[in-house]
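Here is the structure we will look at.
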Amino acid sequence: MIVLSVCNHKGGTGKTTSVIHIASALGLSGRRVLVLDLDPQGFLSRTLDVDEPPPEESVLALFDPNLDPRRIQARELSGFDLIPSTSRLTKFMRSLNKPTDVLWVRETIEALKPNYDAIMFDTAAAVTVYSLNALVASQHVVIPVLPEYQGVVGAEQTFQTTSLVRDRLNPNLQTRSMLFTQVDARKRIHQTYQQYIRRKYGNYAMESVVRTSTSLAEAHDNGTTVFDHDPTTRGARDYANATDELLRRIEKGFDVPGPPETSGDATDVPEPSELKVSS
Ligand SMILES: Nc1ncnc2c1ncn2[C@@H]1O[C@H](COP(=O)(O)OP(=O)(O)OP(=O)(O)O)[C@@H](O)[C@H]1O
Ligand SMILES: [Mg+2]
């Protein structure tokens with residue numbers, strides 16, 4: 001059983017695209033996969049042309065004690081099931097203000113686990129009670145990193161959040177994987193920031209990268225996945241490779257304290273702002 005969050009506090013780093021395509025790749029390998037869209041803006045649900053469901057069939061049922069998560073009818077999509085988001089999450093967030101409100105999802109997904117081999121969370125680009133719930137419930141985290149200044153700062157903040165969550169709330173957080181997305185080999189800045197992250201975070205950075213791919217953007221526009229759209233394209237190959245590597249990392253469970261250069265604490269690397277070069 002794999003429980004995995006995709007998280008980066010910075011927007012537009014490829015979280016939703018990564019959730020959709022890692023979930024699809026896992027589904028293609030025969031696993032039963034459930035995706036939970038915990039972004040109140042519901043871009044994942046909208047990207048896949050899934051209408052906003054009534055609240056009791058949305059992820060709200062995981063947080064509202066008046067709703068029963070066992071009664072949610074997940075939508076069957078190509079390769080995975082989805083419990084969509086609802087715009088009501090935003091308003092409901094105001095009632096989730098107790099420290100224990102970060103534990104809802106960990107408890108409520110227990111009822112869903114028997115039907116699936118993997119459960120994945122898409123999260124919003126912010127530290128909210130919903131993204132914290134995802135991290136507290138997960139054994140694994142993927143941090144998609146856009147190798148540009150803001151994307152890298154967001155990824156580093158997210159990495160710190162995952163350390164806090166692991167130390168204080170979720171000792172079961174076993175692996176963290178930084179996945180470079182939207183990589184353009186022609187941009188020097190992308191190479192510079194990839195080197196920076198690899199040097200500072202060592203094995204936390206995945207070897208596979210997801211390059212910029214018009215097929216991913218087109219699939220996005222057509223409400224489908226790149227595996228359905230055209231499985232021979234660069235986007236499909238990159239996400240298939242990234243998913244294979246992710247499964248190997250999950251099997252190894254390598255997130256153990258290492259030397260500074262692999263623990264995110266290296267001191268001899270410059271700050272991201274010092275790396276700014278023209279692209
Ligand atoms: N590898 C890629 N190649 C080309 N376009 C991409 C790639 N990855 C993502 N995109 C595009 O970049 C945009 C942002 O991606 P996505 O929605 O996955 O990011 P996000 O981190 O979920 O954003 P948000 O923080 O707003 O939820 C989308 O239009 C998507 O189609
Ligand atoms: Mg998103």
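The values are calculated or read from the model by the stated rules, or taken from the named source; none is laboratory data. Note that the coordinates shown come from a computational prediction; the quantities given were computed from them, not determined experimentally. Positions of Cβ are generated from backbone atoms using ideal geometry, with glycine treated the same way; all protein chains shown enter the neighbour counts. SASA here: full protein model, heavy atoms, side chains in, ligands and nucleic acids out. Shrake-Rupley method; radii C 1.70, N 1.55, O 1.52, S 1.80 Å.
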*asked:* Looking for something closer than 20 Å to Leu132 by Cα, in contact with an Asp or Glu (Cβ under 7 Å, 6 or more places away or on another chain) and modelled with pLDDT of 95 or more - is there at least one such residue anywhere in segment 9-18?
replied: yes
*Out of Thr232, Thr181, which single residue is polar (S, T, N, Q) and more than 20 Å from the chain's Cα centre (by Cα)?*
Thr232
_Quick check on segment 53-66. Is at least one of its residues more than 27 Å from Thr100 (Cα to Cα) and β-branched (Val, Ile, Thr)?_
no
*What number of residues within segment 1-41 satisfy the criterion of being farther than 21 Å from Gly253 by Cβ and either among the β-branched types (Val, Ile, Thr) or free of Cβ contacts under 8 Å to residues at least 24 places away in the same chain (or both)?*
7
*Scan of segment 121-141 for residues that are under 20 Å from Phe180 (Cα atoms), within 13 Å of ligand 2 (Cβ to nearest atom), crowded, with 21+ Cβ neighbours inside 10 Å and not polar (S, T, N, Q), ordered by number*: Phe121, Asp122, Ala124
*With (1) within 21 Å of Ser87 (Cβ to Cβ); (2) polar (S, T, N, Q); (3) within 16 Å of ligand 1 (Cβ to nearest atom); (4) open to solvent by 30 Å² or more (accessible area, probe 1.4 Å) as the list, and Asn66 as the residue in question, which single condition is left unmet?*
(3)
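Answer yes or no: is there a residue in segment 41-59 that is polar (S, T, N, Q), within 13 Å of ligand 1 (Cβ to nearest atom), crowded, with 18+ Cβ neighbours inside 10 Å and within 15 Å of the chain's Cα centre (by Cα). Quick ask: steps written out before the conclusion?
Going through segment 41-59, the residues polar (S, T, N, Q) turn out to be 41, 45, 47, 58.
From what's left, within 13 Å of ligand 1 (Cβ to nearest atom): 41, 45, 47.
Narrowing the set further to residues that are crowded, with 18+ Cβ neighbours inside 10 Å leaves 45, 47.
Cutting the leftovers down to within 15 Å of the chain's Cα centre (by Cα) gives us 45.
Yes - at least one qualifying residue is present in segment 41-59.
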*Tell me which residues, restricted to segment 4-17, are crowded, with 24+ Cβ neighbours inside 10 Å and either more than 27 Å from Val183 (Cβ to Cβ) or within 9 Å of ligand 1 (Cβ to nearest atom) (or both).*
Val6, Asn8, Thr13, Lys15, Thr16, Thr17
_Residue pairs meeting the criteria (Cβ under 6 Å; at least 6 apart or on separate chains; first under 18 Å from Val19 (Cα atoms) and modelled with pLDDT of 95 or more, in segment 195-216; second open to solvent by 10 Å² or more (accessible area, probe 1.4 Å) and among the polar types (S, T, N, Q))_ = Ser208/Asn241; Thr212/Gln182
